[in-house]
Amino acid sequence: EDQVTQSPEALRLQEGESSSLNCSYTVSGLRGLFWYRQDPGKGPEFLFTLYSAGEEKEKERLKATLTKKESFLHITAPKPEDSATYLCAVQAAQGAQKLVFGQGTRLTINP
Amino acid sequence: DSGVTQTPKHLITATGQRVTLRCSPRSGDLSVYWYQQSLDQGLQFLIQYYNGEERAKGNILERFSAQQFPDLHSELNLSSLELGDSALYFCASSVGTGRTEAFFGQGTRLTVV
């Protein structure tokens with residue numbers, strides 16, 4: 001069964017303090033790995049899609065990387081507005097095209 | 001704004017009742033997905049439709065059903081509601097069925113009392 005585990009569950013950083021969020025996955029053939037940002041009471045907001053090991057994508061202070069077993073979301077010099085829950089999801093190459101989500105990392109950036 | 005519209009935003013109803021949640025996908029998107037998010041379960045896939053046809057089923061209860069209409073909007077019907085059905089219900093849409101990202105609506109918060 002496809003599975004996604006995110007760590008840590010929660011992370012508090014000071015403004016400007018860089019860090020990384022981890023997403024470990026097991027899937028029977030990866031079609032894509034997705035990162036979303038979710039604010040409280042809102043729908044997930046699409047950030048990145050990664051398709052193959054070694055791929056990297058960047059957007060403002062965020063950079064996502066992918067290996068065969070895990071993905072990292074690096075956040076550089078974060079600001080308070082980066083506070084949110086970050087969700088990782090995988091889509092298998094075969095069968096249903098559903099996204100299997102991890103439980104998320106709740107990120108808080110203190111000013 | 002993702003372009004996916006869900007109504008209503010909030011719904012409060014009693015146990016045993018039936019409700020219908022509505023989703024309008026982004027313009028041009030043929031796939032619609034429904035997800036349930038509760039505090040202890042995270043985001044759980046319920047069902048997918050593609051161009052009017054059911055494509056995949058996840059952990060959807062028999063009391064729940066969905067459909068996608070010719071204009072591509074979708075409805076999720078929840079019946080014989082129980083307290084445990086209280087959750088956020090999200091609709092997402094994507095262009096097709098391949099390597100495409102899904103865009104989520106703002107959700108419907110269902111409270112069963």
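The values are calculated or read from the model by the stated rules, or taken from the named source; none is laboratory data. From a predicted model like this one, the values you see are computed outputs, not experimental measurements. Counting neighbours? That spans all protein chains shown, and the Cβs are built from the backbone with ideal geometry, glycine included. Only protein heavy atoms, including side chains, enter the accessible area calculation; ligands, DNA and RNA are left aside. Shrake-Rupley method; radii C 1.70, N 1.55, O 1.52, S 1.80 Å.
Quick one: which residues, 5+ away or cross-chain, put their amide H under 5 Å from the amide H of B:A66? H built at 1.01 Å from N.
Counting only residues 5 or more places away or on other chains, the set is B:N77.
At 1.4 Å probe size, with every protein chain present, just tell me what the per residue accessible area of chain A comes to in Å².
48 Å²
For chain B, just the Cα set please: Rg and Dmax, both in angstrom.
13.2, 40
Step through the residues of segment B:49-66 one at a time and calculate ³J(HN,Hα) from phi using the Karplus curve (6.51 cos²θ - 1.76 cosθ + 1.60, θ = phi - 60°), rounding each to whole Hz and writing x for Gly and Pro.
10, 10, 6, x, 10, 5, 10, 7, 10, x, 7, 9, 5, 5, 6, 9, 8, 8
Determine the order of B:I12, B:I60 by accessible area, beginning with the largest, at a probe radius of 1.4 Å.
I get B:I12, B:I60, largest accessible area first.
Specify, per residue and in Å³, the volume enclosed by the convex hull of the alpha carbon atoms belonging to chain A.
Hull volume over Cα atoms, normalised by residue count, gives 89 Å³.
Output wanted: per-residue J couplings in Hz (rounded whole) for segment B:37-42, from phi through Karplus 6.51 cos²θ - 1.76 cosθ + 1.60, θ = phi - 60°, x for Gly and Pro.
Calculated HN-Hα couplings, in order: 10, 10, 4, 8, 10, x Hz.
Could you tell me the total accessible area buried at the A-B interface, probe 1.4 Å, in square angstrom to the nearest hundred?
In total, chains A and B hide about 1700 Å² from solvent.
Near B:K9, within a Cβ-to-Cβ distance under 12 Å, what is the net charge of the other residues, with Lys and Arg +1 and Asp and Glu -1?
After counting each charged neighbour, the total is +3.
Output the residues of segment A:68-109 meeting this criterion: accessible area (heavy atoms, 1.4 Å probe) in the chain alone minus accessible area with all protein chains in place is 50 Å² or greater.
Those are A:Q97, A:K98, A:F101, A:Q103, which lose 50 Å² or more relative to the chain on its own.
Short version: ³J(HN,Hα) in whole Hz for each residue of segment A:57-67, in order, from phi by Karplus 6.51 cos²θ - 1.76 cosθ + 1.60 (θ = phi - 60°), x for Gly and Pro, what are they?
Going residue by residue, I get 9, 10, 8, 6, 8, 10, 9, 10, 10, 9, 10 Hz, with x marking Gly and Pro.
Quick one: putting +1 on the C-beta of Lys and Arg, -1 on the C-beta of Asp and Glu, what dipole do you get for the protein assembly as shown around its Cα centre, in Debye to the nearest 20?
Charge dipole, the protein assembly as shown, about its Cα centre: 80 debye, nearest 20.
Relative to the present Cα-Cα distance, how much length would full extension add between A:S20 and A:A93 at 0.36 nm per residue of separation?
Computed gain between A:S20 and A:A93 is 23.6 nm.
Between B:T111 and B:H73, take the C-beta separation as r, use R0 = 22 Å, and let me know the FRET efficiency to the nearest 0.05.
0.40
Picking from A:A84, A:V27, A:L66, whose Cα lies most toward the positive end of the charge dipole for chain A (charges on Cβ: Lys, Arg +1; Asp, Glu -1)?
My answer, from the dipole projection, is A:V27.
Please work out how much accessible surface A:T5 shows to a 1.4 Å probe, ignoring ligands, DNA and RNA, in Å² rounded to 10.
The value for A:T5 is about 80 Å².
Considering only C-alpha atoms, what is the centroid distance from segment B:1-40 to segment B:51-72, in Å?
Here the two parts' Cα centres lie 12 Å apart.
Within segment A:30-68, list the residues whose amide N lies under 18 Å from a label point set 7 Å along Cα→Cβ of A:A10.
Backbone N within reach: A:38-41.
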